[in-house]
Amino acid sequence: SKLGALFEHPLYNIPMPEVTEKDKLFVVNPTEKFSLRSSGSDEWVSSSKAETLLPTGKTAYDTYPTWLKFHVGINRYELYPRRDPLMPTLLRDLATQRIVGSVQKSGGTQLKLIMTFPNYGQALFKPMKQSRDQETPIDFFYFSDFERHNAEIAAFHLDRILDFRRIPPVSGRLVNITKEIRDITTDKKLAKTFFISPAGNVCFYGECSYYCSTEHALCGKPDRLEGSMAALLPDKTLAKRRSWRSPWRRSYHKSKKAEWELNPNYCAQVRKTPPYDRGHRLLDLIDMAVLDFLMGNMDRHHYETFEKFGNDTFLLHLDNGRGFGTHSRDEPSILAPLRQCCSIKKSTYLRLQLLATQPYRLGDLMREALATDPLAPILAEPHLRALDRRLGKVLAAVGRCLAR
């Protein structure tokens with residue numbers, strides 16, 4: 001396994017800072033236990049009087065479902081640890097747990113559903129909109145492109161291979177539209193949009209600002225539909241997140257350009273502006289630009305952080321559905337933060353160099369990682385080749401900076 005060898009490499013075993021209580025997203029009461037009432041109501045039961053050791057000899061933490069253990073493990077430095085024993089179970093839960101509720105997620109330009117499991121875990125479901133080998137048409141603007149379910153899955157694995165670990169876990173899943181959406185939804189607006197197509201397939205389109213109409217309906221075969229299931233982050237009422245506008249945000253206008261596209265010295269003013277004037281925030285943004293360039297994602301207008309940790313924490317790489325749309329063209333403008341600032345974390349640069357060597361080729365590692373997903377193959381081969389080509393371009397950009 002190339003992936004196994006990669007994660008054993010010294011560059012993937014750089015020690016993390018010690019995690020203190022204030023570095024954890026949640027401080028957990030060690031006596032709180034999780035149990036499901038036997039009445040069948042699936043009611044969350046939390047008793048502060050529970051004994052620290054349960055009769056079985058397990059600790060209260062052992063009673064938590066995997067999604068809750070994932071939430072409890074989030075800290076200032078990472079969304080999940082490098083060697084996370086929970087990861088295989090969490091991905092399996094996303095792919096196989098019974099769905100007991102499905103409602104449409106509000107906002108956004110395209111249809112997304114929030115799925116609920118019997119143990120109160122939740123996932124964000126993005127349905128399949130186009131086939132694996134369908135490239136984004138050359139005349140499409142980035143903001144009118146479809147979101148791709150397979151891009152969400154691939155982005156999670158790429159983020160992990162780069163050792164960023166800033167994308168919540170994602171698994172592919174085949175969903176039954178009739179039994180797992182239509183028959184159980186409590187969302188009246190969503191319920192009104194189901195119909196049977198002339199071909200006899202079950203379809204629905206929901207309500208949203210762009211692609212929610214009968215022309216853009218999502219149809220099963222006859223009621224089976226592929227999609228990505230992403231583990232939801234803790235509710236914002238429990239763990240506030242702050243949304244930041246990216247300094248390299250595009251204009252989202254058909255003819256207007258953003259300031260960074262016109263001013264070659266744009267980075268100098270970013271460096272003087274909080275929160276980029278201290279700490280590693282700017283370097284984290286450059287990490288994100290590298291990730292986006294590798295997958296061809298031009299749609300990074302905002303990013304989020306956990307409010308509790310202030311400026312000294314990682315950026316969440318959410319909403320990656322517009323990646324992996326093209327393999328035959330690269331978009332150099334995505335690398336503007338790296339090219340204009342001529343800065344990159346040493347650890348990121350060393351890992352990128354490693355991923356360009358034969359034993360650890362990025363395309364090979366991604367092929368191996370994605371083969372474990374229930375919907376494999378996730379990416380068409382040309383996309384895997386494009387990753388290696390783009391990695392070469394990132395290293396060349398750093399090389400030009402070093403030469404300067």
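The values are calculated or read from the model by the stated rules, or taken from the named source; none is laboratory data. Quick caveat, the model's predicted, so the values are computed rather than measured. Here the Cβ is made from the backbone with ideal geometry for all residues, glycine too, and neighbour counts use every protein chain on show. Accessible surface is based on the protein model in full, side chains and every heavy atom, while ligands, DNA and RNA are left aside. Shrake-Rupley method; radii C 1.70, N 1.55, O 1.52, S 1.80 Å.
Numbers at a glance
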quantity	calculated
Any hit, segment 200-207, residues being surrounded by fewer than 19 Cβ atoms within 10 Å (Cβ to Cβ) and in contact (Cβ under 8 Å) with a residue 40 or more places away in the chain	yes
Residues of segment 86-113 classified as farther than 19 Å from Ala217 by Cβ and either among the charged types (D, E, K, R) or touching a Gly at 6+ places or on another chain (Cβ under 8 Å) (or both), total	6
Enumeration of residues in segment 377-397 that are touching a Leu at 6+ places or on another chain (Cβ under 7 Å), of a type outside the set (D, E, K, R), in a helix (DSSP H, G or I) and buried (at least 20 other Cβ atoms within 10 Å of the Cβ)	Leu387, Leu391, Val394
Subset of segment 151-172 (residues that are touching a Gly at 6+ places or on another chain (Cβ under 6 Å) and either open to solvent by less than 10 Å² (accessible area, probe 1.4 Å) or at pLDDT below 95 (or both))	Ala151, Ile153, Ala155
Among (1) farther than 19 Å from Ala154 by Cα; (2) surrounded by fewer than 14 Cβ atoms within 10 Å (Cβ to Cβ), the one test that Ser328 misses	(1)
Every residue from segment 186-208 that is in a loop (DSSP other than H, G, I, E, B) and of a type in the set (A, V, I, L, M)	Ala199
Segment 353-376, residues that are in a helix (DSSP H, G or I), out of contact with any His (no Cβ under 9 Å at 6 or more places or on another chain) and open to solvent by 10 Å² or more (accessible area, probe 1.4 Å)	Gln353, Gln358, Pro359, Asp364, Arg367, Glu368
Tabulated pairs, segment 71-93, first touching a residue at least 40 places away in the same chain (Cβ under 8 Å), second of a type in the set (Asp, Glu), C-beta under 9 angstrom, 6+ apart or interchain	Asn75/Asp23; Arg76/Asp23; Arg76/Asp312; Tyr77/Asp23; Arg82/Asp163; Leu90/Asp84; Leu91/Asp373
Subset tally (residues that are acidic (Asp, Glu) and within 23 Å of Asp388 (Cα to Cα)) for segment 295-318	1
Hits in segment 93-102 - residues which are over 18 Å from the mean Cα position of the chain (by Cα) and either assigned to a loop (DSSP other than H, G, I, E, B) or surrounded by 19 or more Cβ atoms within 10 Å (Cβ to Cβ) (or both)	Gln97, Arg98, Ile99, Val100, Ser102
Leu294 being at pLDDT 95 or above, surrounded by 15 or more Cβ atoms within 10 Å (Cβ to Cβ) and within 19 Å of Thr313 (Cβ to Cβ)	no
Restricting segment 173-185 to residues that are open to solvent by 40 Å² or more (accessible area, probe 1.4 Å) and not in a helix (DSSP H, G or I), the residue that is nearest to Phe117 (Cα to Cα)	Ile184
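Per-residue answers, yes or no, for (1) in the same structural domain as Ala336 (by the TED database); (2) of a type in the set (A, V, I, L, M, F, W, C); (3) over 28 Å from Tyr80 (Cβ atoms); (4) open to solvent by 70 Å² or more (accessible area, probe 1.4 Å):
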position	(1), (2), (3), (4)
Arg224	no, no, yes, yes
Ser246	yes, no, no, no
Trp260	yes, yes, yes, no
Asn265	yes, no, yes, yes
Pro274	yes, no, yes, yes
Asp277	yes, no, yes, yes
